[in-house]
Amino acid sequence: MTMAISSQTQTKPPRAHRRHLPIASGVALALAFTVLVVLNLLPLVWGVITSLKSEADLFRFPPTLFNFTPTAENYQRVVQSGFLGNMQMSLFYSLATVIGTLVLALPAAYAFDRFQFPFRNALFLLIVASIPLALGAAALLIPNYVYFSRLGLTNQWYTLPLIYIAHQLPMAIWIMKGTLEGIPRELDEAAIADGASHFEVLRLIILPLTKPALGAAGVLTFVGAWNEFVAGSVMVDSPALRPIQPAIYNFIGYFGREWGPLTASATLAILPILIAFALFGRLIVSGLTKGSVKG
């Protein structure tokens, strides 16, 4: 009996030891994150507080943080200027960009991952190399304006979605392809052997399995389209078609900045981004890490 117990004890695998950070390192790391959070949130909090101040409180010296009477006059002026219409146009542009980008990105990523065709690797490398275009859109402003002007595509409701989709599509394809690499090809082969077409495989098998990646690409695409400024300030001239970011600069004139309406419009502009991250922020992490483990 003793030998049996001892043999069972010997066959038990050793427990994995968890590594714990030293107390000093943990405290230092927590302080570092706290400082980063404060530095990132301080301008936002200061802008919101400034948007609630009257003109007299804005220019009080020394400036006060909480010792003032809040007022909504800055937001009333922003609303009266037609800013809500610009928000609606930006919302339309961003949602149209998300839909168009995802509709094009999923089949493209599926083709790059599942099919063999000439120059496949070179084309995908070109797509990956185009991802920084979303950040450096100013470099393409002049050629885009020339092309769109010759084709008669400027100052239209579809002008900015076309440009935004072109900017965001490479990133979405890259995210989707990374996720598809983690989906076994045997699922496709089994469905095709049962008589399914590639479109049915894409719709019934690939689409449900790539929802986290679609969510991550959608959130990043929405943020990129919502925050775009350069193309929105040049490619459309009509005030009714102007997106929100150029509209904020209406409160910066030749004789100075109107800090109250300026901070109020900026506060309204950041609300959709905060809502998007609050509702779908977790999809960014899950979607980007979905294809990290292949199986």
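The values are calculated or read from the model by the stated rules, or taken from the named source; none is laboratory data. All values reported here derive from a predicted model rather than from experimental measurement. Please note: Cβ atoms are built from the backbone with ideal geometry, for glycine as well, and neighbour counts cover all protein chains shown. Side chains included, ligands, DNA and RNA excluded: accessible areas come from the protein's heavy atoms. Shrake-Rupley method; radii C 1.70, N 1.55, O 1.52, S 1.80 Å.
For this structure, a couple of remarks:
- Selection from Phe124, Gly195, Ile183 lying farthest towards where the dipole of the chain points positive, charges on Cβ: Ile183
- The share of C-alpha pairs in the stretch 38-197 whose separation exceeds 22 Å stands at 65 percent.
- For the stretch 18-79, the set of trypsin sites (Lys or Arg not before Pro) satisfying both a DSSP loop assignment and a count of at most 11 other C-beta atoms within 10 Å is given as Arg18, Arg19.
- Seen against the Cα atoms of the chain and their longest principal axis, helix 2-11 is set at about 50 degrees.
- Accessible area per residue for the chain is 63 Å², calculated with a 1.4 Å probe on protein heavy atoms, without ligands, DNA or RNA.
- Each of Ile99 and Glu186 was given a label point 7 Å from its Cα along the Cα-to-Cβ line. The distance between the two points is 3.9 nm.
- Across Leu274, Leu41, Leu180, mean-square fluctuation computed from a Gaussian network of the chain (C-alpha pairs under 10 Å connected) peaks at Leu41.
- Based on Cα atoms of the stretch 228-281, Rg over Rh with Rh as the Kirkwood radius reads 1.04.
- Equivalent ellipsoid, the stretch 33-76 (semi-axes from 5 times Cα gyration tensor eigenvalues, Å): 23, 12, 7
- The chain: Cα Rg divided by the 2.2 N^0.38 Å rule of thumb: 1.37
- When Rg and the Kirkwood Rh are both derived from Cα coordinates, the Rg/Rh ratio for the stretch 143-220 amounts to 1.17.
- With both labels modelled 7 Å from their Cα along Cα-to-Cβ, the Trp46 to Leu151 distance reads 4.3 nm.
- The relative contact order of the chain comes to 29 percent, based on Cα pairs under 8 Å that sit 6 or more residues apart.
- Residue of Leu29, Leu268, Leu106 that the Gaussian network model of the chain assigns the largest fluctuation, springs spanning Cα pairs under 10 Å: Leu29
- Two-site FRET efficiency, Phe199 against Phe33, from Cβ-Cβ distance with R₀ of 45 Å, rounded to 0.05: 0.45
- Using alpha carbons only: equivalent-ellipsoid semi-axes of the stretch 189-249, gyration tensor based, whole Å: 42, 13, 7
- For the stretch 72-129, alpha-carbon Rg over 2.2 N^0.38 Å: 1.98
- Computed FRET value (nearest 0.05) for Phe229 with Ala129, which takes r as the C-beta separation and R₀ as 25 Å: 0.60
- Max mean-square fluctuation residue, GNM over the chain, Cα-Cα springs under 10 Å, options Ala269, Ala213, Ala72: Ala72
- Size descriptors for the stretch 18-93: radius of gyration and Dmax over Cα atoms are 20.1, 59 Å.
- Relative contact order for the stretch 132-221: 32 percent, from Cα pairs under 8 Å spaced at least 6 residues apart, divided by residue count.
- Working value for the stretch 102-243: equivalent-ellipsoid semi-axes of 34, 15, 14 Å, each the square root of 5 times a Cα gyration tensor eigenvalue, largest first.
- Compared with the alpha-carbon gap, the fully stretched path from Asn67 to Gln116 is longer by 10.9 nm at 0.36 nm per residue.
- Low-density loop positions, chymotrypsin sites (Phe, Trp or Tyr not before Pro), the stretch 150-196 - DSSP coil, at most 14 other Cβ in 10 Å: Trp157, Tyr158
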